[in-house]
Amino acid sequence: MNAPFPNRTTNARLAALLAFAVVLSTTAAAPTVARASGTAPPSAAVARALSVPIAPPPLATERIYFAVTDRYANGDPTNDRAGTAGNRYANGFDPTDPAWFHGGDLVGLRGGCTDPQTGLQRIKNLGFTGLWLTPPFGQRWVQGESAAYHGYWITDFTTVDRHLGTEADFAALVTCAHSIGMRVYLDIVVNHTADVTTLSPGGSFVEPSTSPYHACDGSTFDLSVYTSWAVFPCLNASSFPYVATIPTGMTRAPSWLNDVTVYHNRGDISWGACSDTCYEQGDFFGLDDLFTEQPRVVNGLAAVYASWITRFHVDGFRIDTAKHVDRAFFGRFMPQIIVAAKAAGIKSFQAFGEDYEKDENVLAQFSRTRGLPNVLDFPLQDAMTHLAGSATGALAVADRLESDDLFQNPSGTPYVPVTFLGNHDMGRAALMVAAQSSSRGATLAARVLLATDMLLLLRGTPVVMYGDEFGLMGSGGDAAARQDLFATHVSAWQNEERVDAPAIGSGSSFADTRNPIGLRIARLNALRASYPVFAVGTTIVRYARKGVIVLSRIDSASHREYLEAFNAGSSPAMVQVASVTPSSNWSSLLGGSSARSTAAGVVSLRIPAIGSVVLRSARHLSGKAPKRVAIAVAEDTFNPLYVATATVAGTDPGTVTFAVKHATGTWTRLATDPSSPYRGYLDPARFARNERVSLVAIFRSTAGTIRVSRVVGLTVRPLG
């Protein structure tokens, strides 16, 4: 399925498998730019070594529950006002207004720990293995007509905000989570602090080309010159485009944050009319933008966040506003974090970043060139909610899944995006689905359940936002999506629509233990736990048309094929799809009934209206190696990259490793693609200009048999 990607042509094998299911418009691929090479292919031993599957990161098998701590449960009312008397402008507390602190805290989030009703055990019993909580750090409590209940206005990166409790409370939460087999993911901010510094006269972003940076000796300099990071100029505080001042009594911790030269001081991001430099160096809605190009800033942030790993043994980070730091930042920050984690005994520390970006070509830069292992999958979020709500757009889901190869890198580690349906910024999952549909009542509930099925059964690490299990919908994004789970004093929330449940009134959401959304989440999490294929299995698109999508999931450990089918239409769908398991019985794991594939591997499916079907084959995969593997290399249409494609003459759903060799040296991995269509990307920036290299495709069958393509040569030149 390649409609948006003219150069990513589906290989002949997949095209044949799909031919009887759906005919899609395609565009010819870009001209081949590689030629046959005189270089010898890798030896059998080298080819086998390069194609050995790399274990997916632990994040792949996680199922994460995301909580806004202030809105989850109020376990200690004595900290509601953070020990500060006065009105809400003094302490930030006003439980009647969505924009202020409401009293939720770390004690409430932990609850009775193993108590299935009040403790963290409740979340564990829903099937979640990880807890992501909003930043717990010390805040500037009030800015304008809002408070920092969300955690993103940090002034003290070293300790817990008094509204949420103490460091002992945080330690107890992490200890509890670990004791019941859950990991803890800490939401961190590296782009900015709270709005503390005043800029005079203040205003919109000023480009460095208009007002360059000045060193202490008065000379101007270009930041791009200092990419080696060996030395960084002394900065003249008086030479920034705006005069920066920290008001008396307004301090930040650690102390180095009180030097105005560790901020860009260039004014607010000009949304809608902003350069890349503006996005990276401008103040995010007025929040003080850290000068992350400086070694002292990177090292300082790494040290303070490493201390949370050392002191509390958190298991990973969700990184806020990842788009807005400079492009070299994560390559310098993350290695220090990984070293600290290993020293603390955490060998599988994970991190994923946020970039509200729907273009996978842009998101792929984080894992390919920017040093951040994973990002939140906004493109898939958009595609899933459109499909579930509007009964159209199956092809968009298919295209997103098939573009995963853009994110693969030479490590060979499988790509594991973090997936979701809604969040605390854009709005809740139910609202995202409802926005695409006029449905309400039982029909909307069915559509939200369908979206939930896709979230928890498609590839990636699923995140469910707190309260979604109770059918919370909300009325918008930001503050309108951050309802209390404990009895709320916000009158509008007491009367808000919920999915398949009455308005909460003066009660607590925790009393709703039978909401169909929560019951489905628990069931799907159990299914995902019982069958690892839904977490780590490879994905092959079999059918995608209008409101119906069917996928194969390949379990390389058990050598079995599974079929997932989702129908957003208001009528049952009858489709025939290809499989790689001929003459097999298929048992139902979710929805629908059993089936049987023909001798050619065709399976007839009946998918209920606004419903899902999951089938498991009785027979094992044959593991038969293909007769031939071919490789071609062309310029990518949407990125300044070369794309290598492999065509496999066979039906076994194995993996393809693309390898590259310089004129001198050994064969090294370029990328491994676990499923067709097989693609790997070569970045010219990693090679010398006009360098001649050789490339090869190595197919590894599900039984471990190796087939190697011919070798092609490529003269690498800059693209784009």
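The values are calculated or read from the model by the stated rules, or taken from the named source; none is laboratory data. Here the structure is a predicted model, which is why all the values come from computation and not from measurement. Here the Cβ positions follow ideal geometry from the backbone for every residue, glycine too, while neighbour counts run over all protein chains shown.
Residue-wise test of (1) in contact with a Leu (Cβ under 8 Å, 6 or more places away or on another chain); (2) surrounded by fewer than 21 Cβ atoms within 10 Å (Cβ to Cβ).
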residue: Q408; (1), (2): no, no
residue: P417; (1), (2): yes, no
residue: F420; (1), (2): yes, no
residue: R428; (1), (2): yes, no
residue: V433; (1), (2): yes, no
residue: A442; (1), (2): no, yes
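Consider the stretch 477-497 and keep the residues that are in a loop (DSSP other than H, G, I, E, B) and in contact with a strand residue (DSSP E or B) (Cβ under 6 Å, 6 or more places away or on another chain). The one that is surrounded by the most Cβ atoms within 10 Å (Cβ to Cβ) is Q483. Within the stretch 579-614, the residues that satisfy the criterion of being within 31 Å of the chain's Cα centre (by Cα) and among the hydroxyl-bearing types (S, T, Y) are S579, S588, S612.
Taking the criterion of being in contact (Cβ under 8 Å) with a residue 40 or more places away in the chain, out of contact with any Gly (no Cβ under 8 Å at 6 or more places or on another chain) and not hydroxyl-bearing (S, T, Y), the residues of the stretch 236-272 that qualify are V243, A244, I246, P247, M250, R252, V260, N265. Restricting A398, A388 to residues that are more than 22 Å from V643 (Cα to Cα) and among the hydrophobic types (A, V, I, L, M, F, W, C) narrows the list to A388.
Of the helices (runs of 4 or more DSSP H) contained entirely in the stretch 363-461, those carrying at least 1 residues that are at pLDDT below 95 and over 17 Å from the mean Cα position of the chain (by Cα) fall at 378-390, 441-457.
Within the bounds of the stretch 190-199, is there any residue that is assigned to a strand (DSSP E or B) and touching a helix residue (DSSP H, G or I) at 6+ places or on another chain (Cβ under 6 Å)? No, that holds for no residue. Condition test on Y642, is it buried (at least 23 other Cβ atoms within 10 Å of the Cβ) and either under 20 Å from R35 (Cα atoms) or of a type outside the set (A, V, I, L, M) (or both)? So Y642 fits the description; yes. Each residue in the stretch 366-400 was checked for being more than 21 Å from S570 (Cβ to Cβ) and of a type in the set (S, T, N, Q), and 4 pass.
The set of residues in the stretch 49-81 that are assigned to a loop (DSSP other than H, G, I, E, B), crowded, with 18+ Cβ neighbours inside 10 Å and of a type outside the set (V, I, T) comprises P57, E62, R63, A73, N74, G75, D80, R81. Within the stretch 674-688, being among the charged types (D, E, K, R), modelled with pLDDT of 95 or more and surrounded by fewer than 24 Cβ atoms within 10 Å (Cβ to Cβ) holds for one residue alone: D683. Could you tell me whether the stretch 127-142 includes any residue that is among the basic types (K, R), within 26 Å of the chain's Cα centre (by Cα) and surrounded by 17 or more Cβ atoms within 10 Å (Cβ to Cβ)? Within the stretch 127-142, not a single residue is among the basic types (K, R), within 26 Å of the chain's Cα centre (by Cα) and surrounded by 17 or more Cβ atoms within 10 Å (Cβ to Cβ). The number of residues in the stretch 628-665 that are assigned to a loop (DSSP other than H, G, I, E, B) and among the aliphatic types (A, V, I, L, M) comes to 3.
Only a single item in (1) among the aliphatic types (A, V, I, L, M); (2) in contact with a strand residue (DSSP E or B) (Cβ under 6 Å, 6 or more places away or on another chain); (3) not in a helix (DSSP H, G or I) is not met by I346, and it is number (2).
Scanning the stretch 592-627 for residues that are assigned to a loop (DSSP other than H, G, I, E, B), surrounded by 16 or more Cβ atoms within 10 Å (Cβ to Cβ) and small (G, A, S) yields G592, G601, A609, S622, A625.
Restricting A85, A90 to those that are surrounded by fewer than 23 Cβ atoms within 10 Å (Cβ to Cβ) and assigned to a loop (DSSP other than H, G, I, E, B) reduces the list to A85. Which ones in the stretch 308-321 are in contact (Cβ under 8 Å) with a residue 60 or more places away in the chain, surrounded by fewer than 23 Cβ atoms within 10 Å (Cβ to Cβ) and touching a helix residue (DSSP H, G or I) at 6+ places or on another chain (Cβ under 8 Å)? The answer is R311, F312, H313. Of the candidates G471, G460, the single residue that is on the phi > 0 side of the Ramachandran plot, in contact with a helix residue (DSSP H, G or I) (Cβ under 6 Å, 6 or more places away or on another chain) and not acidic (D, E) is G471.
Among residues of the stretch 573-602 that are modelled with pLDDT under 95, none has a Cβ under 6 angstrom from a residue that is surrounded by fewer than 13 Cβ atoms within 10 Å (Cβ to Cβ) and of a type outside the set (S, T, N, Q) at a sequence gap of 6+ or on a separate chain.
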